[in-house]
Structures are given as structure tokens and as C-alpha cells.
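Beneath this line is the structure, given in C-alpha cells, with notes to follow.
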Amino acid sequence: MPEVIEKSAWVHLHAGRLLAVRSHGRTRFYLPGGKPEPGESPQQALVREIAEELGVALDPATVVPVAVLEAPADGKASGTVVRTSCFTATGSGRPTPSAEIAELAWLSHGDRHRVSASTAELLDRLAATGGLLRW
């Protein structure tokens, strides 16, 4: 049975582009978020991780699930899967890289070669529904 890594992620669009982040020492971009701590719900993990990584205070009352993605985990042993619970939420503050985040980017579907497998899947879904620029 493959190892499954649970992650919560923020889906944040602006002007037809998806917010993505790159951690120090990594080459691929990911959806911002992270793993829940013991006893923490996926929604609580989302709010905590976005505050730590980007300095954005998400309003817990606005957290809405939008998708669950499963894809091979980047940089992990073969067969390891990351299951990403994706949420939208309203926040205050401008996203700014902090903690383990080296860089953020606003990506279109044409950037899918720069992202993790689960982020590429989300880019495909958004492009298919017209929620994302396709270039």
C-alpha cells in the first residue's frame, strides 16, 4: 500500500492566474499550504500554514472545499502519493514569501511544466472550466 501524505492547500486566483509557491531547495512550484498537525483539521491546517508561509490571515468562516487531488509526491519514494484537500478562502494581507517559501508566482496553464503533479492537475481543471488563462 503506498504512503499517502495529506496536505491542505489554498486555491487563490487573481486576474486568471493561480498563486503558487516554491520552497527553498526545490525547483517545482506547489499550491501554498501544508500538512495538518496531530489533532488539526484540514481547514485549521490551511489557515495556520498560509499565515506561516505567506503572512496572509485567512478568515476561517470563508474556507470552502473545492477539490481533492491525488498525485505522485514530488521528491519522495516511488509510489508515495500526496492527497491535497484544496480550499478557497478570503484573507487579509498581501502574500509574501516567508518560512520555507523562497518564491511565489502567479501561474497560467502554460506554466504547468514548472509545477508539481497535483498543481498541474488543478491547472488543467481550472483551464477546462474557464477559470484560468490558457497560454
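The values are calculated or read from the model by the stated rules, or taken from the named source; none is laboratory data. These figures come from a predicted structure and were not determined experimentally. Note: ideal-geometry Cβ built from the backbone for every residue, glycine included; neighbour counts use all protein chains shown.
What the table below lists for this structure:
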quantity: Residue, modelled with the highest pLDDT, within the range 102-111, restricted to residues that are assigned to a helix (DSSP H, G or I) and surrounded by 14 or more Cβ atoms within 10 Å (Cβ to Cβ); calculated: D111
quantity: Filtered residue count, the range 35-51, keeping only those that are outside any loop (DSSP other than H, G, I, E, B), buried (at least 16 other Cβ atoms within 10 Å of the Cβ) and not small (G, A, S); calculated: 7
quantity: Any hit, the range 75-83, residues being small (G, A, S) and part of a helix (DSSP H, G or I); calculated: no
quantity: Output for the range 112-133, where each listed residue is in contact (Cβ under 8 Å) with a residue 60 or more places away in the chain, within 16 Å of H12 (Cα to Cα) and not in a strand (DSSP E or B); calculated: S118, T119, L122, L123, L126, G131, L132, L133
quantity: Check on A67, at pLDDT below 95, surrounded by 13 or more Cβ atoms within 10 Å (Cβ to Cβ) and over 26 Å from A128 (Cβ atoms); calculated: no
quantity: Per-region count, the range 84-98, residues surrounded by fewer than 14 Cβ atoms within 10 Å (Cβ to Cβ) and either on the phi > 0 side of the Ramachandran plot or part of a strand (DSSP E or B) (or both); calculated: 2
quantity: Qualifying residue in the range 61-74 (condition: part of a helix (DSSP H, G or I), within 15 Å of the chain's Cα centre (by Cα), free of Cβ contacts under 8 Å to residues at least 60 places away in the same chain and under 29 Å from M1 (Cβ atoms)); calculated: no
quantity: Qualifying residues in the range 9-25 (those that are loosely packed, with under 15 Cβ neighbours inside 10 Å and more than 15 Å from the chain's Cα centre (by Cα)) - the one farthest from S116 (Cα to Cα); calculated: A15
quantity: Filter pass, V68 being out of contact with any Asp or Glu (no Cβ under 6 Å at 6 or more places or on another chain) and farther than 17 Å from I50 by Cα; calculated: yes
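Yes/no matrix, rows are residues, columns are (1) β-branched (V, I, T); (2) surrounded by 14 or more Cβ atoms within 10 Å (Cβ to Cβ):
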| site | (1), (2) |
| --- | --- |
| K7 | no, yes |
| T27 | yes, no |
| Y30 | no, yes |
| G33 | no, yes |
| V82 | yes, yes |
| E100 | no, yes |
